[in-house]
Amino acid sequence: MATLADIDLREGYADLGEVRLHYLEAGPLEAPPVVLLHGFPDFWYSWRHQIPVLAAAGFRVIAPDMRGYNLSSKPSEISAYAPARLAADIRALILERGAERACVAGHDWGAAVAWLTAINHPGVVERLAILNVPHPRRMLEALRRPGLQIAKSWYMFFFQLPWLPERAVRADGWRAFRHGFEHDARPGAFTPADIDRYREAWSQPGAATATINYYRASMRRPPGRERRGLAPITAPTLVIWGENDRYLSSALAEPDRTDVPALTEVVRIPDASHWVQHDAPERVNQLLIEHFRA
């Protein structure tokens, strides 16, 4: 499988007015664009196994650091991380990079933003791929009722506290973040060199607060509070789900067909964790290429 070292990886910054997003890009400029959105506590490097393969398959791959992460802008106010503003960033990024539409894939928080980009800005999403995050309405419904997902999502409520979550995640050399990668994923999915790159991203000034503010902002005004507030997704949609997810119940993988009438498939990978693109990169790559070429 091709690696980042095997390709021409272009680095840049997209000035979107409110924020400046750092991104990595690969593949021919004239090729169909694919935007890859990372999750928490990740950055563009989340897609290191996908970027070279998708570029070799004939796509123009754009992998940004979302606002608040790594080298992108980090607004200080919590409201700057409201989900609708995060989705607006992706629309603006696609247009700034000279495209009218793009295929969009997201994992974890990136998947939440990808869902909302397809809902709020359907004109810029050609096809959609979601990795291990439920449709926003399914997630909100799960958090409103007692059950397994409430227990799995305890950290979302802890993150609502001021300053203490930042202190907790920084403790012992970012042990909480490291544990999520080193103990949840398959052995070897994250190497010591990978963890060093993540630690550097987490240590960027303001990054800890900015990334936790995603959770603070989302709980203040969650998308999907009213059914009429979320339009059906018209882009053909693929859902990929690692079944060994300690953070999200696999019962949430299947979206409501009224919300996603263009759902093409839900692919469950039994031996993969929440970090599905790291645990099963070849399978995920195959699925993304087939979906984006269809």
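Computed from the coordinates by the stated procedures, all read-outs in this text should not be read as laboratory data. In this text, all values refer to a predicted model and were calculated from it rather than measured experimentally. All Cβ positions, even for glycine, are placed from backbone atoms using ideal geometry, and neighbour counts span all protein chains on display.
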Open item on the list: Looking only at residues that are closer than 17 Å to Y23 by Cβ and free of Cβ contacts under 8 Å to residues at least 40 places away in the same chain in region 99-124, which one is surrounded by the most Cβ atoms within 10 Å (Cβ to Cβ)?
Closed with: T117
Task: Criterion: of a type outside the set (A, V, I, L, M), touching a strand residue (DSSP E or B) at 6+ places or on another chain (Cβ under 7 Å) and over 25 Å from I195 (Cβ atoms) - qualifying residue of R138, R91, R101 - done: R101
Open item on the list: For the list (1) over 28 Å from T191 (Cβ atoms); (2) in contact (Cβ under 8 Å) with a residue 12 or more places away in the chain; (3) assigned to a loop (DSSP other than H, G, I, E, B), I need the number of the one condition that Y247 fails.
Closed with: (1)
TODO: Looking only at region 74-83, decide whether some residue is surrounded by fewer than 19 Cβ atoms within 10 Å (Cβ to Cβ), more than 24 Å from R246 (Cβ to Cβ) and of a type in the set (S, T, N, Q).
DONE: yes
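For (1) of a type outside the set (G, A, S); (2) within 29 Å of E141 (Cβ to Cβ), each residue gets a yes or a no:
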| position | (1), (2) |
| --- | --- |
| P187 | yes, no |
| S203 | no, no |
| G206 | no, no |
| R220 | yes, yes |
| L230 | yes, yes |
| W241 | yes, yes |
| S249 | no, yes |
Open item on the list: Checking E166 against (1) buried (at least 23 other Cβ atoms within 10 Å of the Cβ); (2) out of contact with any Gly (no Cβ under 6 Å at 6 or more places or on another chain), only one condition comes out false. Which one?
Closed with: (1)
TODO: Test each condition in (1) touching a residue at least 60 places away in the same chain (Cβ under 8 Å); (2) surrounded by 20 or more Cβ atoms within 10 Å (Cβ to Cβ); (3) within 16 Å of the chain's Cα centre (by Cα) for A235 and report the one that comes out false.
DONE: (3)
- [ ] Please report, ordered by residue number, the strands (runs of 3 or more DSSP E) entirely within region 1-73 with at least 3 residues that are touching a strand residue (DSSP E or B) at 6+ places or on another chain (Cβ under 6 Å) and surrounded by fewer than 19 Cβ atoms within 10 Å (Cβ to Cβ).
- [x] 10-15
Open item on the list: Looking at region 111-128, can you tell me whether even one residue there is within 23 Å of V276 (Cα to Cα), of a type outside the set (A, V, I, L, M, F, W, C) and in contact with a Pro (Cβ under 7 Å, 6 or more places away or on another chain)?
Closed with: yes
Open item on the list: Take the residues in region 139-162 that are closer than 17 Å to H274 by Cα and in contact with a helix residue (DSSP H, G or I) (Cβ under 6 Å, 6 or more places away or on another chain); name whichever of them is surrounded by the most Cβ atoms within 10 Å (Cβ to Cβ).
Closed with: Q149
Task: Residues being out of contact with any helix residue (DSSP H, G or I) (no Cβ under 7 Å at 6 or more places or on another chain) and hydrophobic (A, V, I, L, M, F, W, C) - total across region 65-94 - done: 5
- [ ] List every residue pair whose Cβ atoms sit under 7 Å apart, with the two residues 6 or more apart in sequence or on different chains, where the first one lies in region 189-201 and is more than 11 Å from N70 (Cβ to Cβ) and the second, anywhere, is part of a loop (DSSP other than H, G, I, E, B).
- [x] A189/W275
- [ ] Return the only residue of G188, G229, G180, G206 being more than 18 Å from L131 (Cα to Cα) and surrounded by 12 or more Cβ atoms within 10 Å (Cβ to Cβ).
- [x] G206
